[in-house]
Amino acid sequence: MNFSSRLLENAVAEFSKLPGVGQKTALRLVLHLLNQSQEDVEKFSYALTRLRSEIRYCKTCHNISDQQVCEICAAHKRDRSIICIVEDTRDVMAIENTNQYNGLYHVLGGLISPMDGIGPAELTVDSLVERVKNGDVKEVILALSATMEGDTTIFYLYKKLKDMPVQITTIARGIAFGGELEYADEITLGRSIVTRVPYENTMVK
């Protein structure tokens, strides 16, 4: 792609680094910004700068937060006896949008994937175990994507938690195998949470 400006080319190159954004889409976004007022572009830039420099992660569940403890963990009306384990913040948002769950969360920060060099040590597994040990947790929901990495992570967590006095459940397989949790429609995801089953019942004997 030929550019009439080095500044334009550099801006398109940066936008192209975003997931799912090719050069044509990047160029369209950059040209859109050029048509905006200086004030609007500065607001856009300031929002991104603040996001990167000021964002925090909840010290309890590791969800993205503005404070040391996120709004979900701080809410008194949430059921603190249930922890829903998810891969990342996008999954928290997806489950919250179903309005079918009122417990707490634990964000792993990824899935076990030896091919990508991601093992249990790179995830927030240790803090999860401590939460279950030290809290009044009665149930842990393993709400991870129905992929090979998701199933590997679920099995690992099951082995870590199975000897603790806590019920271990997994979301019902309304989610197709190989499907990412964040892309499931709200009705299917909501039903999967409501109709969760004990993890032992899903294991191959």
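FYI, it's all coordinate maths here, none of it is from the lab. Being a predicted model, the structure only gives us computed values, none of them experimental. Reconstructed Cβ throughout: ideal geometry from the backbone, glycine too, with neighbour counts over all protein chains shown.
Quick notes on this structure:
- Per-residue 3J(HN,Hα) values for region 51-60, derived from phi via the Karplus relation 6.51 cos²θ - 1.76 cosθ + 1.60 with θ = phi - 60°, read 4, 6, 8, 10, 5, 10, 10, 3, 5, 8 Hz in sequence order (x marks Gly and Pro).
- Hits among lysines - C-alpha to C-alpha of residue 24 under 26 Å, sequence gap 8 or more where chains match: 43
- Cα gyration tensor category, rounded, prolate or oblate, for region 1-136 with a/c compared to 1.5: prolate
- Pairs from the list 59/162; 133/160; 133/159 with a Cα-Cα gap above 18 Å: 59/162.
- Spin-label model, residue 118 to residue 162: label points 7 Å out along the Cα-to-beta-carbon direction sit 2.4 nm apart.
- Highest to lowest packing among 138-144, 15-21, 67-73, 53-59, scored as the average C-beta count within 10 Å: 138-144, 67-73, 53-59, 15-21
- Loop-located chymotrypsin sites (Phe, Trp or Tyr not before Pro) across region 90-180 with a Cβ neighbour count of 11 or fewer within 10 Å are 177, with loop assigned by DSSP.
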